[in-house]
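Worksheet for the structure shown next.
The values are calculated or read from the model by the stated rules, or taken from the named source; none is laboratory data. Everything numeric here is computed off the predicted structure, so don't read it as measured data. Here the Cβ is made from the backbone with ideal geometry for all residues, glycine too, and neighbour counts use every protein chain on show. Each accessible area value is taken on the protein alone, full model and side chains, heavy atoms only, with ligands, DNA and RNA left out. Shrake-Rupley method; radii C 1.70, N 1.55, O 1.52, S 1.80 Å.
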Amino acid sequence: MQKKPLEAAIFIEIENLLTDQELARLDQIFATGKFADGRLSNPHNQTKYNLQIDTTTDFYRESSNLLGQCLLRSEEVRNFAFVNRLAPPLMVRYRPDMKYGKHPDNAFLPMQPTALRSDISCTIFIADPSTYDGGELTIHLGSKPISIKGKRGSAVLYPSTTIHEVQPVTRGERLVAITFMESQICDEKKRDLLYTLNEVAALEGLKMEWDNRVRLEHVRQSLHRMWSTS
């Protein structure tokens, strides 16, 4: 798999998260599964206009398991997010004129046995971007919006604290899945620093003298232990 950093290290785009076989099965579920009004999961947001898979069906359980396994098997996801818990992924579709206005994600999601703290949000792109117009995921980082329209089978991870939106779809269907991750490192700045340090160690560690490499490893593991909230 390849990963492409976005404007800041706290965002990451991961290509080829899903295999062709997995995408084909998700296409079948989108074609035959039952979808409900997306506002059922967030009735107080007046700007949410999309459809989400019916969570009472076997199609939901199958797709959620498939997508969850894909995320957790990804070394890039694990290294970037320091995943502690993962919310069940949810398939979502946007038809023409559908959109999701500006919003931050909820701090906690109702799950058993305890609520899941949403540190990192994730969108998995299932439809080929050439098959629809509009529908860009727009993340507002300060005064600069970042627009993302990912390749089929790719995913983007970004802090749940950011204000983001989905632009109106004007042609075709935007087919995605979304989920949320509770990280071992709650503070996104600390998570960014530890991810960067780990990347440097992976790229440069073998070039170091052994004593310096041991010292670097000591710092990495100590910070991970010190900053972990799990």
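For the chain, with only Lys/Arg (+1) and Asp/Glu (-1) charged at the beta-carbon, what is the dipole magnitude about the Cα centre, in debye rounded to 20?
Dipole of the chain, to the nearest 20 debye: 300 debye.
Write down Rg/Rh for region 4-132, rounded to two decimals, with Rg from the C-alpha atoms and Rh from the Kirkwood relation over Cα pairs.
The Rg/Rh ratio comes out at 0.94.
Treat each spin label as a single point 7 Å out from the Cα along the C-beta direction, and report the LEU206 to ALA36 distance in nm.
5.1
For region 22-77 and region 167-210, what is the separation of their C-alpha centers, rounded to whole Å?
Result: 22 Å between the Cα centres.
Taking only the alpha carbons of region 161-230, what extent do you get along each of the three principal axes, in Å, biggest first?
58, 28, 17
Given N residues in region 100-202, what is Rg(Cα) / (2.2 N^0.38 Å)?
Dividing the Cα radius of gyration by 2.2 N^0.38 Å gives 1.18.
What accessible surface, in Å², does a 1.4 Å probe find on ASP133, ignoring ligands, DNA and RNA and rounding to the nearest 10?
Taking all protein chains as shown, ASP133 has close to 60 Å².
What number, rounded to the nearest 500 deg cm²/dmol, is the helix-based mean residue ellipticity at 222 nm of the chain, given -39500 (n - 2.57) per DSSP H run of at least four residues and division by all its residues?
-10000 deg cm²/dmol
Give the shape of region 55-98 as rounded, prolate or oblate, defined through the alpha-carbon gyration tensor: a ≥ b ≥ c are the square roots of its eigenvalues, a/c under 1.5 means rounded, and otherwise the shape is prolate if a/b is larger than b/c and oblate if not.
oblate
Using just the alpha carbons, could you tell me how many Å³ per residue the convex hull of the chain encloses?
130
State, as an integer percentage, the relative contact order of the chain based on alpha-carbon contacts under 8 Å between residues 6 or more apart.
Result for the chain is 23 percent.
Over the chain, average the accessible area per residue using a 1.4 Å probe and give it in Å², no decimals.
Computed with neighbouring chains in place, this is 52 Å² per residue.
Suppose R0 equals 41 Å. What FRET efficiency, 1/(1 + (r/R0)^6) with r the Cβ-Cβ distance, do ARG225 and ARG171 give to the nearest 0.05?
Approximately 0.25, to the nearest 0.05.
How much of the accessible area of region 68-146, in percent, comes from carbon and sulfur atoms when a 1.4 Å probe is used?
52
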